[in-house]
1. A:THR268's amide H: which non-local residues (gap 5+, or another chain) put their own amide H closer than 5 Å, with H modeled 1.01 Å from N in plane and none for Pro or chain starts?
2. Can you tell me the orientation of helix B:233-245 relative to chain B, as the angle in degrees between its alpha-carbon axis and the longest Cα principal axis, to the nearest 10?
3. Shortest first and in nm to one decimal, what separations exist between A:LYS513 and its copies in the other chains, measuring from label points 7 Å along the Cα-to-beta-carbon line?
4. If I model a spin label as a point 7 Å beyond the Cα along the Cα-Cβ vector, how far apart are those points for B:GLN362 and B:SER299 in nm?
5. With r defined as the distance between the Cβ atoms of A:ALA325 and A:ARG186 and R0 fixed at 41 Å, what FRET efficiency is calculated, to the nearest 0.05?
6. Can you give the mean number of other chain Cβ atoms that lie within 10 Å of the Cβ atoms in peptide B:105-118?
7. What is the angle, in °, between the Cα long axis of helix B:216-227 and the longest principal axis of the Cα atoms in chain B? Nearest 10 is fine, range 0 to 90.
8. Give me the dipole magnitude in Debye, nearest 20, for the range A:30-168 about the Cα centre, with unit charges on the beta carbon: positive for Lys and Arg, negative for Asp and Glu.
Protein chains: 2
Amino acid sequence: MQLISIIPGFQPKNDSRLLAKAEALKPGLRYTQYPAPVSCRVNGREISFDALPEQPLRKGDRVLLDFGRHIVGRLSLSLGQAGSFQDAPAYIRVAFAEIPGEFSEDPRQYSGWLSSSWIQQEEAHIDILPAQLALPRRYAFRYVLVTVLDTSPKYQLLLRGACCTGESSADESRLPARSFPDEELRQIYEASLRTLGECTQQVLEDGPKRDRRLWLGDLRLQALTSYISFRSIPLIKRCLYLFAGSRFPDGRMSANVFTEKEPAADDTYLTDYALLFLPALLEYLEETDDKEALEDLLSPALFQADWVLEHCLTQDGIVTEEAAAGSFIDWSDDLDRRAALQGVLIQALDAAASLCARAGDQTREAFYQEKAEALRQAARRLLWSEALGCFLAGNQVSVHSQIFMILAGVMPPEKAAQALDLALRYPGSPRMSTPYMHHYYVMALLKAGQRGPAEKHLRDYWGGMLRTGSDTFWESWDPADPDGSPYGGRIVNSYCHAWSCTPAYIIDRYLLK
Amino acid sequence: MQLISIIPGFQPKNDSRLLAKAEALKPGLRYTQYPAPVSCRVNGREISFDALPEQPLRKGDRVLLDFGRHIVGRLSLSLGQAGSFQDAPAYIRVAFAEIPGEFSEDPRQYSGWLSSSWIQQEEAHIDILPAQLALPRRYAFRYVLVTVLDTSPKYQLLLRGACCTGESSADESRLPARSFPDEELRQIYEASLRTLGECTQQVLEDGPKRDRRLWLGDLRLQALTSYISFRSIPLIKRCLYLFAGSRFPDGRMSANVFTEKEPAADDTYLTDYALLFLPALLEYLEETDDKEALEDLLSPALFQADWVLEHCLTQDGIVTEEAAAGSFIDWSDDLDRRAALQGVLIQALDAAASLCARAGDQTREAFYQEKAEALRQAARRLLWSEALGCFLAGNQVSVHSQIFMILAGVMPPEKAAQALDLALRYPGSPRMSTPYMHHYYVMALLKAGQRGPAEKHLRDYWGGMLRTGSDTFWESWDPADPDGSPYGGRIVNSYCHAWSCTPAYIIDRYLLK
């Protein structure tokens, strides 16, 4: 599954009134000065960072710095010289990694379908030492690898200091005090919020390494987690306005919006993502009761449901194969997404009804309620396998299908846990590959009344990432294939990814109650 | 012959009074805006530069720009995008070359003894297009190769413009009007001055690509050529003061001085280079009659001759093998430098006598005259081979030996032409490899009364570089080995090099008289 849409001549339709409001909500960034690296290796040999400034570095030498935590921000290196005169420029490569494994892949060997330009490395020539080398961009990293590409026989390079400044718009002072029943849960909770904080920039980014961009599926989960932590309410509002303010010419919402310049909806439409705008808006209003947002965003939101109702249903009331193929659900090449998308659509229609209720529009409230109910019936009638005791998409059994049917209230609660269990163990059923999907899995378990298994899965799955040594949660993690990548090379994977930040939300709302 | 000296713990001795004067003489730079490239190739296919901004560039595409003349300065690229959205950074490499051949070598394959950091290339990630990419350093180039390392499947890069700003302290308005008997001589003259102008920065650099530094052997030839052209008198004075102002602790002059920070004599002593300070100072005074410089610099100058007289002569009055091995003369591994250094020393002593005469010190004038004469006698007695009709160094016949013996007035003029001719053709005699050496060869021909052969050689040799398509003169050029390098890879050769700028001087002073 490659997610690269190109619509020739595509121009998003921008609503200047909504975009002006989004712009006014743009948060300032907070800057954090981080302390020195907690560990340092020169050519694989551990030395104290205090001793590093005295360590002459020659051509080919490699210095690995571990800053002890994930950082999104800027790096400046203090460079000096040892030996005789600097009779030639110093030439170095500085590479950044969120996890050490990124350094074990050769960037030149990467041939995946995402751009290799995401690999975080720079080369620099330093004509005159000593020098302060400010690397030119924002990076997402915990580890920095400095490779001396050349000095000259006359002199050696010294790495005298490394100064990191973090950037985020998240306000840590708003975090509530929390106590936890055990250390594991505390660590998972804190890594969730670290992950969210790193993605909380001038938009809610999907990943600060990649794509550094506002994606709808991520936004919804970030917002949920932010409500119980940083409460970046104006920023969440800004993001909702950006999706509503720049759309496809026909009114559909893009899966993501470019925001570095004049906001522009990407020409990528994902059916499920567009529909998720409705629950995302509803959840925002439940937190804020923001009348202005309801007024401005109701119509763009409802349009997403209306468009799918009009264009993406068979006569039987099941989403079309085409609409399902054009939805995300999870990174998976062999997943039949029909049942899952059906579930997402039903949830969107439920949200639409609630939104109309908030707006006092009982007619439309009833309309969406009826539609939701009709689609539930259709699903039960056409997707349920009584023989297997689970939902099918085509002839495929997948846990994805069960999850969204459960969350959409299609599945009788008493059968839910069993269906999930069956689908997980069903021979050849597609595996869940992303924390995004695992979030919905845990939510489905909770909805099925499986609080114990939900907590256990949260501890096993997200805890598994922490047990690799990471202190943030990843874009993609399958414990059975820890080096996997949806992109053809894990060097471009994001290891601090918004859609993985929800354990704190789940712990707060469901497990610590 | 590798020229890398490292004296552990070396600290130059700086004279703050002389260095303050040098600092006060530091020239400002003049900036020249250069027009667009004269030609442009995309993946080898010629296109007009006007059409380039519309040419979508994809991963792997290569754009070769030819600016039509050698430039020392800065480059800024205007980058845009085509296709769909920029969903990933653009990643490019920008390489600079003085001659196209530099691009045909793979920098990763270079393994010579000079630092690979001299290879002029940068990599850059551009997060947001359009962008103006100002490359971070000063480069010496005529050709620029932009390689698109990656974009993404969604968009292509556009190269919309390239803006070059030249830097030099040479004042072109001071160049005299000149007419020439033919086009070849005009072209050689102009390339000489282009070469000199490019090296005329805040010091007289040896080469603006490499080493960008003040070297004594180059300075002498640059100054001679500057007197008949840009007349950068304060800069030449500054350079003389820099050599006198930062020296070895024992008073010897270094072969080169680092000037980017507090001036510092390099820990490289070359016997011939140090001695050349004397003729260089004398020539400066002959141009300027600068009493302050005579007073300040006479003593440091005479010290260079005195030190060699005291430390580098055998009892027979011939320079020692050790002193000869520690002199430059020419890039050559198998050259015996004794006779050549003997000639350089004699010329330095002649210059010392003239400097003393200017200072009104007849006692020391006579002393140096006597010393010079004694060394001439010793050379005639011990180095001359009557059988061969030329000077020997050890048992070696070389044109280098003849040249410096002629220039030192040791060789009877009537035998000079024949000795040069013999040595050039002598089986196994070392070849001249640098324009620096060819300059002295032409000067020796002229001193031998061989004006015709001198002019022919100037046209053949320097004209040969121009016939490769270059518009500046190179650091190293042997027509029999046009791809040779003294450094183990021509990619680090300098193709605009100070010591090659003298044809204009020779034409002006000797050929157009």
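Every number here is computed from the coordinates shown, using simple stated rules; none is lab data. From a predicted model like this one, the values you see are computed outputs, not experimental measurements. Neighbour counts are summed over all protein chains in view; Cβ atoms, including those assigned to glycine, are modelled from backbone coordinates with ideal geometry.
1. A:ALA255, A:ASN256
2. In chain B, helix B:233-245 runs at an angle near 70 degrees to the longest axis.
3. 10.5
4. Label at B:GLN362, label at B:SER299, 2.4 nm between them.
5. E between A:ALA325 and A:ARG186, to the nearest 0.05, is 0.50.
6. 4
7. The helix B:216-227 is inclined about 80 degrees to chain B.
8. That gives the range A:30-168 a dipole magnitude of about 160 debye.
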